[in-house]
Structures are given as C-alpha cells and as structure tokens.
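J.: Before anything else, here's the structure in question.
The values are calculated or read from the model by the stated rules, or taken from the named source; none is laboratory data. Bear in mind the structure is a predicted one, so any value in this text is a computation, not a measurement. Cβ coordinates were reconstructed from backbone atoms using ideal geometry, including for glycine residues, and neighbour counts include every protein chain displayed. Areas reflect the complete protein model, heavy atoms only, side chains present, ligands, DNA and RNA absent. Shrake-Rupley method; radii C 1.70, N 1.55, O 1.52, S 1.80 Å.
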Amino acid sequence: MNIWIADSSRRRIKLNKIINKICSQCNVTVFNSPDELLSYPTDVCCNVFFVAADTPEFDWVKAVKHVKEHFKECNIIFYSNIELKQRDYLRFRISGFLQYPFDEQKVEHELDNLRFTIKK
C-alpha cells in the first residue's frame, strides 16, 4: 500500500511514525510543500492520501484536486487541529477525517475503514 502525507507542520513526523508502526509493509512518502507533491511522478500509485487541512502555507485544495485527478480511487483522509465544516471536506468525497491530536488507534481505525478497497 502506498501512503502519501501532505503537511508542512511537524505533525507529519508523528503521523509517519504511527503509520510505519501499524503498517510495516506500507510505503510512505511525505510531502512538505505543494510543489513537492505536484512535481512527484504520477506513475507512482497513491492508495491513501493523508492531508493536513489546516496549514495555511499548504494549499490542500490544490493537492487534493491533483491526487483525485491522477488517482481516481485514492482514499483521502483529512486531518486538522480545528473542526472543519462539512462543506469544506465532504465535497471532495473523502474517506476519513482525523482530529489532531490523534493516536495509533485512530489512525489504524481510518486505515481499516477506507472508502476504496486497496487492490493487491
């Protein structure tokens, strides 16, 4: 399973550690800026996309549109320090949402309840 994390804050480090602990066979790629994400090769599949929806310097709307355009069945999971209004994220037909601070159980729950099945 290929998991991408898009976040310019330090939370990406915690999320990366949690994912590697609960899913040792997962390939995790971390993007610190929208430019890194947009220039990443699109022939590398993304199954799950964790995106910080509250970091002002990271244009999450552009990032999500890019991922949805290239990976139609990518599971998108937003995470945030603040509670987002439904209209902010439901229009993207996301797979899940994590309220920060999150822990191993919450991340594992989201990975166990993905919208799209991961083909092996």
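J.: Any idea which of A6, S24, L37 is furthest toward the positive side of the dipole for the stretch 1-60, if Lys and Arg beta-carbons carry +1 and Asp and Glu beta-carbons -1?
T.: Value: S24.
J.: Between K17 and V44, what length comes free when the chain is fully extended (0.36 nm per residue of separation minus the Cα-Cα distance, one decimal in nm)?
T.: 7.6 nm
J.: Would you kindly state how much longer the chain becomes between Y100 and I82 on full extension, computed as 0.36 nm times their sequence separation minus their alpha carbon distance, in nm to one decimal?
T.: Result: 5.7 nm gained on full extension.
J.: Sticking with this structure for a sec: Only sites in a loop by DSSP and with at most 15 other Cβ atoms within 10 Å count here; which GluC sites (Glu not before Pro) in the stretch 44-75 make the cut?
T.: E57, E73
J.: Further, regarding this structure: Taking 0.36 nm per residue of sequence separation and subtracting the Cα-Cα distance, how much length would be gained by fully extending the chain between C26 and H109, in nm to one decimal?
T.: 28.3 nm
J.: For V51, enumerate residues with amide H under 5 Å from its amide H, sequence gap 5+ or separate chain, H modeled in the peptide plane.
T.: A6, I77, F78, Y79
J.: Return the carbon/sulfur percentage of the accessible area of the chain, one whole number, probe 1.4 Å, all protein chains in place.
T.: 46 percent
J.: Accessible area per residue of the chain at 1.4 Å probe, in Å²?
T.: Heavy-atom SASA per residue in the chain reads 57 Å².
J.: Tell me the trypsin sites (Lys or Arg not before Pro) within the stretch 1-63 that lie in a loop according to DSSP and have at most 14 other beta-carbon atoms within 10 Å.
T.: R10
J.: On the Cα set of the chain, report Rg and Dmax in Å, please.
T.: Rg and Dmax of the chain, Cα atoms, are 12.9, 35 Å.
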